[in-house]
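The values are calculated or read from the model by the stated rules, or taken from the named source; none is laboratory data. What you see is a predicted model, and the numbers here were worked out from it, not measured in a lab. In this analysis, Cβ positions are derived from the backbone assuming ideal geometry, glycine residues included, and neighbour counts consider all displayed protein chains. All accessible areas refer to the heavy atoms of the entire protein, side chains included, with ligands and DNA or RNA removed. Shrake-Rupley method; radii C 1.70, N 1.55, O 1.52, S 1.80 Å.
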Amino acid sequence: MAQDKLQQYSNRYARAFLDLLAEHENNKSLESINQELQQISVLGQGENKEFFHNPVFNLQEKEEILKKIFSKHKCSDYVARFVMTLVSMNHLHLIGDIAQAFDLALRERNQQTLALIRTAFPLSKTQQENISKALEKTLGKEIQMEIQEDQTLIGGLVANVGGVVYDASVLGYLHRMAKSHS
């Protein structure tokens, strides 16, 4: 239940930030800001998360650390102010989930979707283009692919698009065949 509430907060922050930015920025800028958010999401992990969530350190100390980070890494004003807002509300620990939600919301806004492709062997550019075109035709959205090699598949590939799995692997075929004969 508590995790659901945190995810709701993260989704709301991400959508509100995207809505605000969309009023003032073009798509290229939004993509750049998305990349910054993905990079800055490390602040919500491990020791960084513990530091920014620790009440022993006051807001001023946390803001000083962030200012140094922003100046060193040339963070945009939008992202810097957004992160500072999260710190002031003691919600920086949500930055990883917010970054994910922002990425998803931006993809939806641009009629894009992410396809996680696992394949037994490296794919040629032509194969990648053919897979992308087939998925775009099926889903009616622009596809961005992340490709991983997984030799346990033996051959073929498995595509996970928005939680829907398309299994065209030899391993998947063998599992389905074994299931039908049991």
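Observations on the model:
- Charge dipole magnitude, Cβ of K and R +1, D and E -1 - the stretch 60-126, Cα centre, debye nearest 20: 320 debye
- Accessible surface, the stretch 51-182, averaged per residue in Å² (probe 1.4 Å): 62 Å²
- Summed side-chain charge close to Ser41 - residues other than Ser41 whose Cβ falls under 12 Å, Lys, Arg +1, Asp, Glu -1: -2
- Given Lys28/Lys72; Lys28/Lys49; Lys49/Lys72; Lys72/Lys141; Lys5/Lys133, the pairs whose alpha carbons are separated by over 26 Å: Lys28/Lys49; Lys72/Lys141; Lys5/Lys133
- The share of accessible area on the stretch 104-170 that comes from carbon and sulfur is 52 percent, using a 1.4 angstrom probe.
- Projecting the Cα atoms of Phe52, Ala22, Gln112 onto the charge dipole of the stretch 1-129 (Cβ charges, centred on the Cα centre) puts Gln112 farthest toward the positive pole.
- The label-point distance for Tyr173 and Glu63, in a model that sets each label 7 Å from Cα toward Cβ, rounds to 6.3 nm.
- Value at 222 nm in deg cm²/dmol, rounded to 500, when DSSP H runs of n ≥ 4 in the chain each add -39,500 (n - 2.57): -20000 deg cm²/dmol
- Heavy-atom accessible surface of the stretch 5-57: percent carbon and sulfur, 1.4 Å: 49 percent
- Summed side-chain charge close to Val161 - residues other than Val161 whose Cβ falls under 13 Å, Lys, Arg +1, Asp, Glu -1: 0
- Taking every alpha-carbon pair under 8 Å whose residues sit at least 6 apart, the chain reaches a relative contact order of 21 percent.
- Counting only Cβ charges, +1 for Lys and Arg and -1 for Asp and Glu, the dipole size of the chain around its Cα centre is about 260 debye.
- Counted by Cβ distance under 15 Å from Thr113, the other residues give a net charge of 0, where Lys and Arg count +1 and Asp and Glu count -1.
- Area of Tyr173 that stays accessible when all protein chains are in place (1.4 Å probe, Å², to 10): 130 Å²
- Between Glu149 and His73, the simple label model (points 7 Å from Cα in the Cβ direction) yields a spacing of 3.0 nm.
- Computed over the chain, Kirkwood Rh from alpha-carbon pairs, angstrom: 18.9 Å
- Positive-end residue, the chain charge dipole about Cα centroid, Cβ charges, pick of Thr152, Ser182, Ala2: Ser182
- Cβ-derived FRET efficiency at R0 22 Å, Glu108 paired with Thr138, nearest 0.05: 0.80
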